[in-house]
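Right, one structure below, let's go through it.
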Amino acid sequence: MGGLASRGWQAEAEKAEETSWDSKLLGVSRFHARLQYIVASYLKEKGYSVDVEHCVDGTHYADVYADNGKETVIVEVETGYVPPIFIERAEEYLWARTIVKTIKYACLASEFYIATPSYVKIAVPSILLKPTDSYDEVLSASRLVGLYFGERWAEETLKRVHECRLTGLMLVNISRREVKVLKDRELRALTAL
């Protein structure tokens, strides 16, 4: 009696787990919540204790927070949504948002990832992958962040971009409920987009 019976039990367990997270996901789009659930399930399978919409510093809530007793992982979901006002400069906006998310969360965990649907490829700012000695590069990033997210985040970029690193991207195949992790060389290839 394997196959369907065991899959039915698994589906019921997944549904119960999803329901237990529902109260935390009020105000989060169903699409965003679905990505969070798939990433959380992936990390749980890897042996982590997982929480969604986890308060990490009294102010900011990580989309997915995972802890295995040795290391912590924060994952921020990026759906690729761009406000209509910025649609003409969508790539710049997403580039700046990636910097802001990294500055908010990367220094609060052992590893920091951004998860996107597998069909969305975001450009990764190289400044988030390795330290830079170029003040011009930091200043340029700060100005771009300020343009979209205001002076506060421009200043935070100047102060913290040297210490906050993006560990990788998680590409989420929604149909298959699979996660592919991009790190190192694969991640650096996305800086050229």
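No value in this document is a laboratory result; all are computed from the given coordinates. Keep in mind that what you see is a predicted model, and the values were worked out from it rather than measured. Quick reminder, even Gly has a Cβ in these numbers, built from the backbone with ideal geometry, and neighbours come from all protein chains shown.
Of note:
- Summarising the amide proton neighbourhood of ILE174: residues at separation of 5 or more, or on other chains, whose placed amide H is nearer than 5 Å comprise SER118.
- A Förster radius of 22 Å, combined with the Cβ-Cβ distance separating ARG30 from ALA90, puts the computed FRET efficiency at roughly 0.45.
- GluC sites (Glu not before Pro) within segment 114-193: DSSP coil, no more than 11 neighbouring Cβ in 10 Å: GLU163
- Pair TYR81, ARG152: separation of 7 Å Cα→Cβ label points (nm): 2.0 nm
- The HN-Hα couplings worked out from phi for segment 158-171 by the Karplus form 6.51 cos²θ - 1.76 cosθ + 1.60 (θ = phi - 60°) are 4, 6, 10, 5, 6, 9, 9, 10, 8, 6, x, 10, 10, 8 Hz, whole numbers, x standing for Gly and Pro.
- Amide H partners (placed H, <5 Å) of ASN68, local residues excluded: SER49
- Packing-based exposure ordering (other Cβ within 10 Å, fewest first) of PHE31, PHE112, PHE149: PHE31, PHE149, PHE112
- Sorted fewest first by neighbouring Cβ atoms within 10 angstrom, TYR135, TYR65, TYR93 come out as TYR135, TYR93, TYR65.
- The label point for LYS183 and the one for GLU163, both projected 7 Å from the Cα toward the Cβ, are 2.3 nm apart.
- Sequence of ASP133, ASP57 once ranked by neighbouring C-beta atoms within 10 Å, starting from the fewest: ASP133, ASP57
- Relative contact order for segment 85-193: 35 percent, from Cα pairs under 8 Å spaced at least 6 residues apart, divided by residue count.
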